[in-house]
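Take a look at the structure below.
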Amino acid sequence: MIPLFTKIFSPMRLVPQEFRRNFWLLFSDIGWFGVLSGSTISFLTIYAARLGAGTEKIGLINAAPAFVSLIFSLSFGAWMVGKSTRRVVLINAALMRVFYLPLILIPAVLSAPVQIWVIIMMTFLMSIPGTGVQVGFTVLFGEAVPEEWRAYVAGTRNAIFAIVCILTALASGFILKSYPFPSGYQIVFAIGFVGAVMTVVSLYFVRPLLLPAAHLSDPTDSAGDSRNAFQQRANLHSGRNNLVRSIAQRYQTRLRFDIVKTPYNKVLLLIFAFHLMQYLPIPLFPIFSVKVLRVSDQIISIGNALFYFFMFIASTRMAHVAGRHGYQRTTGIGLISLAIYPIFLAVAQDEWLYLAANIFGGTGWALASGSMYNYGLEKAGRNPPAQYLAWFTLFANAGMLLGALIGPLVSNWVGIRLALAIFAAIRLITGIIIARWK
């Protein structure tokens, strides 16, 4: 493990001094997020399943962020124009993270059915500022990391995230085995809340780099010209109706509906397909693990640790793979590997194939998550990225929402094992299409 860390961080010696501070802070951010993910996020749907939630309610928990993002992502993209990206991300991250605090308390004061619905409602509410984080962080990442270093920083963040998740998941499994239900989950959720708070602290110190003006404003960008024109019009016409009309037109221009008519629509279509195929089987995983395979929390924690360990290994090769194949093809390769996860579960009779599935899941997710957002940034080119990534987020969340809602319906219709097999097949086909599409 030590040689791997040495290999990951050795390129930092080549990083110019003015970039290093941001890089280390972004590594700290993802490390603390790994604490949150390896504890609360990894075990929240498992906890809901043990409370008695079915595939439909698990689907709602998974669908909530996507549903909310569909409503707010374009508005966030428009609202961010002219504002400090760092400030937007910080405010929304803090508002989102505070929702992890009640999870520590509700197991002690609410009945199981009520807890399930409270978790669902909290997931919807926290997804509102979560959308701001989702849109804003990718822009902040682009502002804080030079283009030539993005693959390295993204891959290193994945590696750090993975190794912290391994340790946190194993610790969570030990806690859940050592303490009675639900006290063990309260401790796990408390650990997650600490991680959530510390991510905000890390992001507070990230500073955007001073980029050339062309990176911040495209001289051919019609939105910039339109904004000036609309502002002048508002100043010239003092009438209330003209002012309201001007503001409405200005806001509509900021939404940049023209983006879907540009070559960027290929990016939007591919990212929609990726997230649709990714999320179709996700609501089935906790139900299958708890109610069909009947694996223990400790086995689940070991599975999570395997997932993140192989995510760590694959992340060490992220920059090399992306450099050789490009971000689009790397995203498709990741989805192909992710297809193995549900097919292994579909035929599993005990915990061994469940554990093996996590090997391929971690490998695939390292490649896909480390490349897809860089793919979106890359294709936005020198244009102001906020509005492009707002559309990127909208299409991604449309795929998530449809997948999270359709998956349980298909499972109820054909059975959970056959549904997993079907979803594995279409994940594989979609991954090949993404990897080969010119």
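The values are calculated or read from the model by the stated rules, or taken from the named source; none is laboratory data. These figures come from a predicted structure and were not determined experimentally. Using ideal geometry, Cβ is built from the backbone for each residue, glycine included, and neighbour counts are taken over all protein chains shown.
Give me the helices (runs of 4 or more DSSP H) completely within the range 330-438, filtered to those with at least 2 residues that are acidic (Asp, Glu), ordered by residue number.
By residue number, 351-380.
Of the residues in the range 118-139, how many are farther than 30 Å from LEU209 by Cα and in contact (Cβ under 8 Å) with a residue 24 or more places away in the chain?
The first filter runs over the range 118-139 and keeps only residues farther than 30 Å from LEU209 by Cα, leaving 118-125.
Filter again for in contact (Cβ under 8 Å) with a residue 24 or more places away in the chain, leaving 119-120, 123-125.
Here the count works out to 5.
Do we find that LEU402 is among the hydrophobic types (A, V, I, L, M, F, W, C), without any contact (Cβ under 8 Å) to a residue 60 or more places away in the chain and farther than 27 Å from ASP350 by Cβ in this structure?
Details: among the hydrophobic types (A, V, I, L, M, F, W, C): yes; without any contact (Cβ under 8 Å) to a residue 60 or more places away in the chain: no; farther than 27 Å from ASP350 by Cβ: yes.
Spelling it out, it is not the case that LEU402 is among the hydrophobic types (A, V, I, L, M, F, W, C), without any contact (Cβ under 8 Å) to a residue 60 or more places away in the chain and farther than 27 Å from ASP350 by Cβ.
If only one of ILE128, ILE119 is among the hydrophobic types (A, V, I, L, M, F, W, C), crowded, with 21+ Cβ neighbours inside 10 Å and more than 25 Å from GLY370 (Cβ to Cβ), which one is it?
Step by step, each of ILE128, ILE119 is checked, and only ILE119 is among the hydrophobic types (A, V, I, L, M, F, W, C), crowded, with 21+ Cβ neighbours inside 10 Å and more than 25 Å from GLY370 (Cβ to Cβ).
For the range 36-61, how many residues meet the condition of being of a type outside the set (Val, Ile, Thr), over 11 Å from PRO286 (Cα atoms) and buried (at least 24 other Cβ atoms within 10 Å of the Cβ)?
Selection size over the range 36-61: 3.
Can you tell me which residue in the range 247-277 is nearest to GLN328 (Cα to Cα), limited to those that are modelled with pLDDT of 85 or more and of a type in the set (Phe, Trp, Tyr)?
PHE274
Of everything in the range 198-208, what is in a helix (DSSP H, G or I), buried (at least 16 other Cβ atoms within 10 Å of the Cβ) and out of contact with any Phe, Trp or Tyr (no Cβ under 7 Å at 6 or more places or on another chain)? Give them in sequence order.
Across the range 198-208, the qualifying residues are VAL200, LEU203.
When you go through ALA49, ALA94, ALA78, ALA108 one by one, which is the residue that is over 30 Å from SER411 (Cα atoms), aliphatic (A, V, I, L, M), part of a helix (DSSP H, G or I) and modelled with pLDDT of 90 or more? Give the steps one after another, and end with the answer.
Values: ALA49 fails: over 30 Å from SER411 (Cα atoms); ALA78 fails: modelled with pLDDT of 90 or more; ALA108 fails: modelled with pLDDT of 90 or more.
Unique residue meeting the criteria: ALA94.
Just to check your reading of the model, which residue among LEU345, LEU402, LEU355 is of a type in the set (A, V, I, L, M), under 18 Å from the mean Cα position of the chain (by Cα) and at pLDDT 90 or above? Working first, answer last.
On the way: LEU345 fails: under 18 Å from the mean Cα position of the chain (by Cα); LEU355 fails: under 18 Å from the mean Cα position of the chain (by Cα).
Exactly one of LEU345, LEU402, LEU355 is of a type in the set (A, V, I, L, M), under 18 Å from the mean Cα position of the chain (by Cα) and at pLDDT 90 or above, namely LEU402.
Is it fair to say PHE72 is of a type in the set (Phe, Trp, Tyr) and modelled with pLDDT of 80 or more?
No.
Which members of the range 406-438 meet the condition of being of a type outside the set (Phe, Trp, Tyr) and under 14 Å from SER337 (Cα atoms)?
Listed by number, the residues that qualify are ALA424, ALA425, ILE426, ARG427, LEU428, ILE429, THR430, GLY431, ILE432, ILE433, ILE434, ALA435.
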